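Handing you this structure, nothing more for now.
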Amino acid sequence: MNRREWLGATALSCMSWQGLADAQAPTSLDALARASGRRFGFAVSPAYADKAPVAGLLRQHAGVITAENAMKWRHIQTVFGGRDYTDADKVMALAASLKADFRGHTLAWHQSTPAYLSVVSSEQFIRAQTAHLQALVSRYQGRIHTWDVLNEAIEVNQSMGSSLRDSVLSKLWGVERYPALFELARAADPQAKLAYSDYGMEQDEPWCERRRRAVLLLLEPWVKRMVPVDVMGLQAHLDLSHRFSATKLLAFFDELQAFGLTIQITELDVRDSTSTGSLAERDSAVAALYQDFVDACLSHPAVEMMVLWNVTDADTWINRWGQGPRRADGQPMRPTLFDEQGQPKRAFEAVAASLRHTKVRFDKKAENNV
Ligand code: G3I
């Protein structure tokens, strides 16, 4: 058993009587989050959202819904000129039926740009990206809590020395025009909060620290120029093979808060690519990292929302698409709060306990500073 697994087993045995007591009462993660002024929710795909067990879990726990893929440009505009919002409308209707807030995801991301646009001129790309953004934001105007406007613009491991990602977006839209994405989104839906979203900033590894610095360098001039960015979205695809430091994460949150930003955790899951042992031991290790991370987030007043990327270990993108690291034993990973049958795992108990025992409320005043 490694350190994290040991910590997990210890933490969970200490809280087991409390966990048992908590398990007696029906728990809604969103209701627990609302007690401290926050929201809790999930990313969903129409292929799973209306079927058991996902549908029931969403009814019980979701106060926020985001479309995992349905609002991506590549998904809406599979052919030049055509736009198909069928799946996007389905996810929006689901959120409405649950009376859940909606996170729009995502207006500009190099991985969701239609492939046929990688070969056009910069002028043509700017016209197409602008038209797509305006059409999508206007379609759902007034119904979106937060839009992910720009996704994953930094990349610190490139040889060029820049911390901005070299991509179809940087080449054809232009990094100097990134702020214009936020201005276009604000004009199309003045009520929606606008987020910059990125990954790899949550854990205690040198590359995470470089990414934290790079994001602050990106955001600082925008904040000074009053670019309408309201929210930092931390994706939080955590991994048990990386270290975690609440102190370093919270110092980063302080810096974001000093910029006048609120913080949303937008794609939370925990990969157990390297942990060994029985399923119970693996689940304890996953639960321990969830607990460390969620405890830290909930201790900060700028954190307003927490969204998990998918609902169960059966519908998680990690097992579905085979992206990212695989387990050496070929077993599926167990990165969500619910097992493949939709039963709550130790990670569920850990997150529910964190939410239940939160003492720090989301500071709504932070929103008004923007
Ligand atoms: O729709 C096609 C289907 O027709 C085809 O049979 C199948 C075969 O591979 O592919 C399907 O498309 C897949 C698509 O998801 C829709 O389900 C793509 O291959 C697959 O690459 C795509 O993956 C998504 C990925 O973003 C890229 O858009 C994942 O589901 C989704 O979870 C992931 O989410 C991203 C966030 O948007 C941004 N942050 C990172 C996160 C994880 O990578």
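Every residue in the stretch 318-349 that is within 16 Å of the ligand (Cβ to nearest atom), farther than 21 Å from Ser28 by Cβ, buried (at least 22 other Cβ atoms within 10 Å of the Cβ) and of a type outside the set (A, V, I, L, M, F, W, C), please.
Once the filter is applied, which keeps residues that are within 16 Å of the ligand (Cβ to nearest atom), farther than 21 Å from Ser28 by Cβ, buried (at least 22 other Cβ atoms within 10 Å of the Cβ) and of a type outside the set (A, V, I, L, M, F, W, C), the stretch 318-349 yields only Pro335.
Considering only residues of the stretch 192-249 that are in a loop (DSSP other than H, G, I, E, B) and hydroxyl-bearing (Ser, Thr, Tyr), which is farthest from the ligand (Cβ to nearest atom)?
Ser245
Give the residue that is farthest from Asp283 (Cα to Cα), with candidates limited to residues of the stretch 350-360 that are buried (at least 16 other Cβ atoms within 10 Å of the Cβ) and of a type in the set (Val, Ile, Thr).
Once the filter is applied, the top-ranked residue is Thr358.
Is it the case that some residue within the stretch 76-89 is away from the ligand (no atom under 11 Å from the Cβ), more than 30 Å from Val175 (Cα to Cα), touching a residue at least 12 places away in the same chain (Cβ under 8 Å) and of a type outside the set (Phe, Trp, Tyr)?
no
Another question, if that's okay. Yes or no: the stretch 114-132 includes at least one residue that is touching a residue at least 40 places away in the same chain (Cβ under 8 Å), outside any loop (DSSP other than H, G, I, E, B), under 30 Å from Arg39 (Cα atoms) and not β-branched (Val, Ile, Thr).
Yes, some residue in the stretch 114-132 is touching a residue at least 40 places away in the same chain (Cβ under 8 Å), outside any loop (DSSP other than H, G, I, E, B), under 30 Å from Arg39 (Cα atoms) and not β-branched (Val, Ile, Thr).
Farther than 20 Å from Tyr290 by Cα, touching a helix residue (DSSP H, G or I) at 6+ places or on another chain (Cβ under 9 Å) and assigned to a helix (DSSP H, G or I): is that true of Val79 in this structure?
When the stated conditions are applied, Val79 does not pass them.
Moving on to the next point. Picking from Ala195, Ala185, Ala100, which residue would you name as being closer than 18 Å to Ala43 by Cα, touching a residue at least 12 places away in the same chain (Cβ under 8 Å), surrounded by 18 or more Cβ atoms within 10 Å (Cβ to Cβ) and in contact with a Phe, Trp or Tyr (Cβ under 8 Å, 6 or more places away or on another chain)?
Ala195
What are the residues in the stretch 127-143 that are touching a helix residue (DSSP H, G or I) at 6+ places or on another chain (Cβ under 6 Å) and surrounded by fewer than 18 Cβ atoms within 10 Å (Cβ to Cβ), if any?
The answer is Gln134, Ser138.
Among the residues in the stretch 288-300, are any in contact (Cβ under 8 Å) with a residue 12 or more places away in the chain, closer than 18 Å to Asp239 by Cβ and outside any helix (DSSP H, G or I)?
There is no residue in the stretch 288-300 that is in contact (Cβ under 8 Å) with a residue 12 or more places away in the chain, closer than 18 Å to Asp239 by Cβ and outside any helix (DSSP H, G or I).
Taking the stretch 298-317, which residues are of a type in the set (Asp, Glu) and within 16 Å of the ligand (Cβ to nearest atom)?
Asp313, Asp315
Only residues that are at pLDDT 95 or above, charged (D, E, K, R) and either under 29 Å from Gly260 (Cβ atoms) or assigned to a loop (DSSP other than H, G, I, E, B) (or both): list them for the stretch 313-370, please.
Asp313, Asp315, Arg334, Asp339, Glu340, Lys345, Arg361
Count, please, the residues in the stretch 30-60 that happen to be of a type outside the set (Lys, Arg), touching an Asp or Glu at 6+ places or on another chain (Cβ under 8 Å) and in a loop (DSSP other than H, G, I, E, B).
Count: 2.
Follow-up question, since we're still on this one. Just give me the residues in the stretch 150-189 being under 18 Å from Pro206 (Cα atoms), outside any strand (DSSP E or B) and β-branched (Val, Ile, Thr), in sequence order.
Within the stretch 150-189, Val156 is the sole residue that qualifies.
The values are calculated or read from the model by the stated rules, or taken from the named source; none is laboratory data. Note that the structure is a prediction, hence the values are computed from the model and not measured. Don't worry about glycine lacking a Cβ; one is built from the backbone with ideal geometry, like all the others, and counts go over all protein chains shown.
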